[in-house]
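Below is one structure, written out as structure tokens; the observations come after it.
The values are calculated or read from the model by the stated rules, or taken from the named source; none is laboratory data. Keep in mind the model is a prediction, meaning the values are calculated, not measured. No Cβ is skipped: glycine too gets one built from the backbone with ideal geometry, and neighbour counts run over all protein chains shown. Heads up: the accessible areas ignore ligands, DNA and RNA and are worked out on the full protein's heavy atoms, side chains in. Shrake-Rupley method; radii C 1.70, N 1.55, O 1.52, S 1.80 Å.
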Amino acid sequence: MPLPSDWLLRHSVVMWLLLQSLVLMTLCFHHAATSCSKHCYCSDSEGQSGGKTMRCSNLRLTEIPRDIPNDTRRLYLDYNLLTSVPANTFQNLPLLTELDLSHNELAKLEPGAFRGLAASLQFLDLSSNKLETLDPEAFEGVQARSNLTNNPWRCDCALQMAMPRLALEPVSLKGIVCETSVPEDAGVQGEPFLLAKDLDLCVALKKTTDVAMLVTMFGWFTMVISYLVYYVRHNQEDARRHLEYLKSLPSRQGKSEESSTISTVV
Ligand SMILES: *[C@@H]1O[C@H](CO)[C@@H](O)[C@H](O)[C@H]1NC(C)=O
Ligand SMILES: *[C@@H]1O[C@H](CO)[C@@H](O)[C@H](O)[C@H]1NC(C)=O
């Protein structure tokens, strides 16, 4: 009785092929329907008024995907190898409320990096990156609550100037814990920068500019004085020479001239 088993085998192979193509087709359709970025996983956001959740975590991405659906509400790009956020990356995502960029290699947020998110973004995770400083130009008024912890922050005059220009939720700024500082002996290393309120890291800089000004002014002053001294000396020399010349003139000629002028007057 070899016939039934052969029939069964043939049919199961056909069935298996059919099933596989069906699975492939659904995957393709699913991909087309959600128009999700390659390798990322998209789903509809639960609860809220529509929008998608896009997960691109742990994909060894070195660049942020360009084809993010414009109705994305939550975007997870954590645990990748991103090194920078270029300008206008999220510009066309008007619904984006949550953005997770934690656990990357971010050292630079270019000016305009978060452009277009000021109205919508509520939570921004930048923790566990390589950020040393913050450029207010990157945020353009983003008011989100942010996780800024676990970055090698360099507390210096530039960061001090940047802080008041950031619209991020103030509590978020407590996450900026100084790893290095300029000047090095400012005593803020290992401290949240925000709590060192009476510290002025721009003072040292002001002092050095003051000293430079002083030195320059002193230089000019010295030059002017030396010139004056030289001028006076030179003129004295001239005057002396002139006097000597006058003395060396024959005195009789002078007298006759004098008398002649007197006579003409008379
Ligand atoms: C997304 O883009 C489409 C087509 O350009 C547009 O019709 C739609 O309104 C956009 N959605 C959002 C949330 O901006
Ligand atoms: C901020 O990020 C760190 C490390 O990535 C995490 O341990 C911490 O729980 C986060 N804090 C908040 C308030 O989300």
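Antiparallel DSSP bridges in segment 62-204: what percent, to the nearest 5?
Numbers: 1 of 15 bridges.
That works out to approximately 5 percent antiparallel.
Applying the Karplus relation 6.51 cos²θ - 1.76 cosθ + 1.60 with θ = phi - 60° to segment 72-78 yields 3J(HN,Hα) values of 6, 9, 10, 10, 10, 10, 6 Hz, where x marks Gly and Pro.
Report the full-extension gain for the segment ALA119 to TYR231: residue separation times 0.36 nm, less the Cα-Cα distance, to one decimal in nm. Kindly include the intermediate steps, with their values, before the conclusion.
On the way: separation 112, 0.36 × 112 = 40.32 nm, distance 6.96 nm.
Extra length available between ALA119 and TYR231 comes to 33.4 nm.
Excluding same-chain neighbours fewer than eight residues apart, the aspartates and glutamates reachable from LYS207 by a Cα-Cα span under 16 Å are ASP156, GLU184, ASP185. Scalar couplings 3J(HN,Hα) for segment 164-177, obtained by applying the Karplus form with A = 6.51, B = -1.76, C = 1.60 to θ = phi - 60°, are x, 8, 8, 8, 3, 3, x, 4, 4, 5, 5, x, 7, 9 Hz; x denotes Gly and Pro.
Can you give the FRET efficiency to the nearest 0.05 for ALA212 and GLU169, using r as the Cβ-Cβ distance and R₀ = 45 Å? The partial results should precede the final answer.
Numbers: r = 39 Å, r/R0 = 0.87.
Plugging the Cβ-Cβ distance into 1/(1 + (r/R0)^6) gives 0.70.
Other residues lying with their Cβ under 13 Å from the Cβ of SER37 contribute a combined charge of +2, Lys and Arg counting +1, Asp and Glu -1. In segment 35-198, what percent of the accessible surface is made up of carbon and sulfur (1.4 Å probe, ligands and nucleic acids excluded)? Reported share for carbon and sulfur atoms: 48 percent. Taking amide H as placed 1.01 Å from N in the peptide plane, SER181 has its amide H under 5 Å from the amide H of CYS155, each at least 5 places away in sequence or on another chain.
Treat segment 35-198 as a sphere of radius equal to its Kirkwood radius over Cα pairs and apply Stokes-Einstein at 10 °C in a medium of 1.306 mPa s; give the translational diffusion coefficient in µm²/s, rounded to a whole number.
Working: Rh = 16.2 Å.
The estimated diffusion coefficient comes to 98 µm²/s.
Straight-line reach from LYS174: which lysines have a Cα under 25 Å away, not including same-chain ones fewer than 8 places off? LYS174 reaches LYS108, LYS130, LYS197. Given R0 = 51 Å, the distance between the Cβ atoms of TYR79 and ALA158 translates into a calculated FRET efficiency of 0.95.
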